[in-house]
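What follows is calculated from the coordinates using simple rules that are stated; it is not laboratory data. If you're wondering where the values come from, they're calculated on a predicted model, not measured in any experiment. Cβ sites come from the backbone with ideal geometry, for glycine too, and all protein chains shown count toward neighbours.
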Ligand SMILES: [Zn+2]
């Protein structure tokens, strides 16, 4: 049936930002192919690609494949190109799309065309129509062929000729042009699906990886596209950076390719790689299901911020320059001195060399071989028939040959296999007459280890894999450090550089020859864990609010978080977290509080109020005599402090994020209060008061992610000479001092800053406050190592002494800070 419509897709290969993007490969098909497929779903009589003469030849085959004609016209005068094409066909309505969006909403295109036709039915008239609010780059224009032809004769504006639509919609005096808000189901103006830059291209690759993995075949429906755009793998892309440097072995590359294959990460392989085996190993993984789109040789710019996960053995200064740009940097088994740059450190192979704490150390991420020796668990001595010597590509200490000879002497009938990477290896000459076989690195070595009775290797991944495979393992330590590691992790080893018969013999007799028990058996997926980490959030100092040029000093790392100290203001802050944001809901006080303290907040009202009376007395002392002072309590909850302040002759006002708490304060306590998320509050409007004599925050300040703007707001709310007082956990209390890492590990996930009383004055000064008094609270003698060790009872002399010291040295686990606006 005739539709009187033509679909025209516009394409050229000479894009300045991303040349040839229409033909870039996306999972085996050019980008353009996806566009044409989608637009072919729109009903029309003709389907044309409008291009320029230079691009014609290359684009023709893609058109043919997708049922499109190819028309070549002017390169720069696109308007002329369209008019020339329209002169060759008889059509009424033109539906125009550009060729850079493989995820076009074809349903929206069809609907907008139908709407255009509807507007032109009967007496109505419309020259041009487009939906607004579609994803960025998803726009499809519908216009009348005759109107465009006419408009082209009327304009000489260069801009009108470089484009198509403007010839109509920039001349609204002559043409009726409608920008119709897209129906809700297509309205995603914040979404970007077009390919204009290299970063866009990578985003498209990850979208497609998602769609393919869900067996969605193009052309993709709006729902499928939206689903993909919301996937974590698209929202939190990852670039893995393995070492491809000669001398580091092939384990890093294999580990990264394997994770990439499993969950669709990108792998960065620079052009200047020096690891000889790189290409052959990559081929191996490509044959096994890795997509070549996942391999990249450029790190995307800052318009696209994938998490960077390095597995490079040692980060270099150059790598840091390239990689640590305002995005998460996660490092596996990192051995350099630059670890302060890393947001997260994951240690998989236990190691001594690292004189620092990792966020997580877990050898469970070592991929265990599927093939395991049948006699792995029997523990009895086996006959030694096959020995594998695997000392890595370069074998820097030249131990392969001495090891092979020692085994030949010990087991003249055994078959000795040595892995060497040099093709022109001089060792080969020595092989004649011996039962030694020299082979090149084996693809998939992990699954072949079980064939060997003994595996001789260095401390590293292969050693652990061989243990899992149930082989006897002997390490040849090359350094003192390696010897220490071999000892620490219970490996049999030959300690000397020369391999004497007696040293080999004692290694063979070692009870650790068949090490088995030192590794857990829980299988963990490295790829899945890295996917989880990639959604982690990195944050800069909440006071200063900007990323420093040099990384701030790391204060503590644990499995879910990293804490740093701001070099500029001294605040300790949460710099990286894998825990999702907490939403403060009504249930907070009822359930959370009960969980933490064993009673509800309301039940606790009176004891909190008693604390409040003590605090109010201090504030009264600082704020001096005079008329009834105004006091604003931020985070007032159910109002125990408001009640205390009122009893102490203050005129209290409250604000809280919980509407439940605020109505309690308003209705039961009868104090003025508003529900608001501080700092978004206009007190002049709400209470008729622009500035207060006193502003307080009890255990609230640590919850703000944007502390800088909070303190600025507080400063603006306190009268000159007035008082700002708050309480918070202390970063210098006994818990923090005696076991810092434990303190940060158990610090609640929504405490974004940790206040150290000694630094409070210099931080508050930035906001116009001077600290007047610091009160150390939360004294817990039982948390002092001395009491833990001696088991002294509460009330004993020892206990009382420690309690006195805790007060004297301000070692309480919480602190109250009272300061004055100056
Ligand atoms: Zn700072």
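Region 756-822 and region 3-75 have their alpha-carbon centroids 71 Å apart. One decimal place: the segment residue 439-residue 27 gains 144.8 nm when fully extended, by the rule 0.36 nm per residue minus the C-alpha distance. State the Cα centre-to-centre distance between region 624-660 and region 465-494 in whole Å. Their Cα centres are 66 Å away from one another.
Would you mind getting me the FRET efficiency between residue 789 and residue 340? Use the beta-carbon distance for r and R0 = 41 Å, nearest 0.05.
Values: r = 34 Å, r/R0 = 0.83.
The calculated FRET efficiency here is 0.75.
To the nearest 0.05, how large is the calculated FRET efficiency for residue 258 and residue 374 if R₀ is 25 Å and r is the Cβ-Cβ distance? Given R0 = 25 Å and the Cβ-Cβ separation, E is 0.45.
Shape of the chain from the C-alpha gyration tensor: oblate (a/c of 1.5 or more and a/b not above b/c, with a ≥ b ≥ c the square roots of its eigenvalues). Give me the distance in nm between label points sitting 7 Å out from Cα along the Cα-to-Cβ direction at residue 625 and residue 705, one decimal. A separation of 4.9 nm, rounded to one decimal place. The relative contact order of the chain comes to 6 percent, based on Cα pairs under 8 Å that sit 6 or more residues apart. Here the spin labels are modelled as points 7 Å beyond Cα on the Cα-Cβ line, and at residue 382 and residue 481 they lie 3.2 nm apart. If both residues of a DSSP beta bridge must be in region 85-223, then about 55% of such bridges are antiparallel. The length gained by stretching the chain between residue 505 and residue 613 to full extension, at 0.36 nm per residue less their Cα-Cα distance, is 31.1 nm. By the gyration tensor of its Cα atoms, with a ≥ b ≥ c the square roots of the eigenvalues, what is the shape of region 692-742: rounded for a/c under 1.5, prolate for a/b over b/c, or oblate? Judged from the Cα gyration tensor, region 692-742 comes out prolate (a/c at least 1.5, a/b above b/c). Averaged over residues, the count of other Cβ atoms within 10 Å places the peptides 797-809, 734-746, 688-700, 451-463 in the sequence 451-463, 688-700, 734-746, 797-809, highest first. Estimated from helical segments only, the mean residue ellipticity of the chain at 222 nm is -9000 deg cm²/dmol, where each DSSP H run of four or more residues counts as -39500 (n - 2.57).
Placing a label point 7 Å from the Cα of residue 305 along the Cα-to-Cβ direction, the residues of region 554-576 with a backbone N closer than 13 Å are 576. Compute the separation of the alpha-carbon centres of region 329-349 and region 561-581 and state it in Å as a whole number. If we compute the Cα centre of each part, the gap is 17 Å. Placing pseudo-labels 7 Å out from each Cα toward the beta carbon at residue 568 and residue 689 gives an inter-label distance of 3.3 nm.
Efficiency by 1/(1 + (r/R0)^6): what FRET value for residue 796 and residue 772, r their Cβ-Cβ distance, R0 = 41 Å, to the nearest 0.05? Taking R0 as 41 Å, the efficiency between residue 796 and residue 772 is 0.70. In plain terms, the chain from residue 805 to residue 163 could stretch by 223.3 nm, reckoned as 0.36 nm per residue minus the Cα-Cα distance.
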